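One structure is given here, and the rest of the page talks about it.
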């Protein structure tokens, strides 16, 4: 199971200091304080930051350092995470709201369409972050968020039931059957389906949801149709007929079954780990079903700057010089149990093999599309997958109708 990395030990061992970008302890010149800051640290000034309960203590620590070193003030406003997006969209256009808010990268499309977030300047510090984390916050060549955590699913393996990581989906199924457990492999579907957890298997057939641009951003052009998409649909039907995939397996069923040793494998995220008690676990890449790499979605958490902030320069300085240190990013890691976005912090956190496993999977994953068009996909996607798996729908016809329905929604 996951082992915590004590922050006190990290701080002592790495001789961390909370000066302008000084917390990045990578040994390359690019990580030196004078080269990662795009502006001189501001003197004085007041900032308001929205945080949720999980992130509050970590951000407060950085805010205290900012206040001591600059003479400025920081007010932290505690918010329910579920309310932040809606409230930010409503308040910023009126001139209200915070200077900075915590948020998720897949809000970006809606945020930019509504003009409520401003780009930030990372300067040379951009190379100090996991590439996928910066990619997730990039739109039209500009970075709109300071990333701090990367989140994705992986193949969680009970090492007592499967000693080795499977190379392919068929290998995983065979290993599960050889283990004699109730389920050869667990992936929850339910009657509404779960395209998020099924996505790496879909990408292994070469059928991503949207076309990706060279910079990693998405174009509003569907890519899940064609022969690759229908091949995935036919595979879904075959797995359902064989009983490997089952719509009766909901999230709760899958997590409980794995915790009880009823399968060697579950495709799941780090948020499930607390349910698995003292099981000896490993996290492996998700095995390919279609021959191409199985790429799950990555979700990146970070901080946005309000487009209406009167203190945009101070906000940028705070993020670059105080939330981008190894100490700050490790504090956020300890609070949320997600691999840090800052490479130096992620290297430290990877002393935990579970964190290292999710990080390895995330390095080859793709950002969840943040374009507004993504909102038109979900309603058709999951129920179609579930209908195909259950045998209620003919796979090719159902998949093609789904693509047509999504395109119709995009065109409307």
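The values are calculated or read from the model by the stated rules, or taken from the named source; none is laboratory data. Since the structure is predicted, the reported quantities are computational estimates derived from the model, not experimental observations. Note that we place each Cβ from the backbone using ideal geometry, even for glycine, and neighbour counts take in every protein chain shown.
State all residues of region 101-114 that are buried (at least 16 other Cβ atoms within 10 Å of the Cβ) and either over 19 Å from residue 333 (Cα atoms) or more than 26 Å from the chain's Cα centre (by Cα) (or both); if no residue qualifies, say none. Lay out the reasoning, then the answer.
Step one: filter region 101-114 for residues buried (at least 16 other Cβ atoms within 10 Å of the Cβ), giving 101-112.
Passing the criteria: 106, 107, 108, 109, 110, 111, 112.
Just to be sure, is residue 98 buried (at least 16 other Cβ atoms within 10 Å of the Cβ) and touching a residue at least 12 places away in the same chain (Cβ under 8 Å)? When the stated conditions are applied, residue 98 passes them. Looking for something touching a helix residue (DSSP H, G or I) at 6+ places or on another chain (Cβ under 8 Å), in the same structural domain as residue 262 (by TED's automatic domain parsing) and part of a loop (DSSP other than H, G, I, E, B) - is there at least one such residue anywhere in region 89-104? For region 89-104, residues touching a helix residue (DSSP H, G or I) at 6+ places or on another chain (Cβ under 8 Å), in the same structural domain as residue 262 (by TED's automatic domain parsing) and part of a loop (DSSP other than H, G, I, E, B): absent.
Within region 219-234, the only residue that satisfies the criterion of being out of contact with any helix residue (DSSP H, G or I) (no Cβ under 8 Å at 6 or more places or on another chain) and either modelled with pLDDT under 95 or more than 23 Å from residue 408 (Cα to Cα) (or both) is 219. Where strands (runs of 3 or more DSSP E) fall wholly inside region 121-226, the ranges with 3 or more residues that are touching a residue at least 24 places away in the same chain (Cβ under 8 Å), farther than 28 Å from residue 386 by Cβ and under 17 Å from the mean Cα position of the chain (by Cα) are 146-152. Within region 72-88, the residues that satisfy the criterion of being touching a residue at least 60 places away in the same chain (Cβ under 8 Å) and either over 23 Å from residue 369 (Cα atoms) or not assigned by TED's automatic domain parsing to the domain that holds residue 328 (or both) are 72, 74.
Given the structure, is residue 362 under 15 Å from residue 299 (Cβ atoms) and not assigned by TED's automatic domain parsing to the domain that holds residue 287? Against the criterion (under 15 Å from residue 299 (Cβ atoms) and not assigned by TED's automatic domain parsing to the domain that holds residue 287), residue 362 qualifies.
Confirm whether residue 63 is touching a strand residue (DSSP E or B) at 6+ places or on another chain (Cβ under 7 Å), buried (at least 20 other Cβ atoms within 10 Å of the Cβ) and modelled with pLDDT under 95. It is false that residue 63 is touching a strand residue (DSSP E or B) at 6+ places or on another chain (Cβ under 7 Å), buried (at least 20 other Cβ atoms within 10 Å of the Cβ) and modelled with pLDDT under 95. Within region 222-242, one or more residues are surrounded by fewer than 16 Cβ atoms within 10 Å (Cβ to Cβ) and over 22 Å from residue 383 (Cβ atoms).
What about residue 263, is it touching a strand residue (DSSP E or B) at 6+ places or on another chain (Cβ under 6 Å) and under 25 Å from residue 362 (Cα atoms)? In short, yes.
For region 355-379, the set of residues classified as farther than 12 Å from residue 295 by Cα and part of a helix (DSSP H, G or I) consists of 355, 356, 357, 358, 359, 372, 373, 374, 375, 376, 378, 379, listed by residue number.
For residue 57, the conditions (1) modelled with pLDDT of 95 or more; (2) over 22 Å from residue 317 (Cβ atoms) all hold with the exception of (2).
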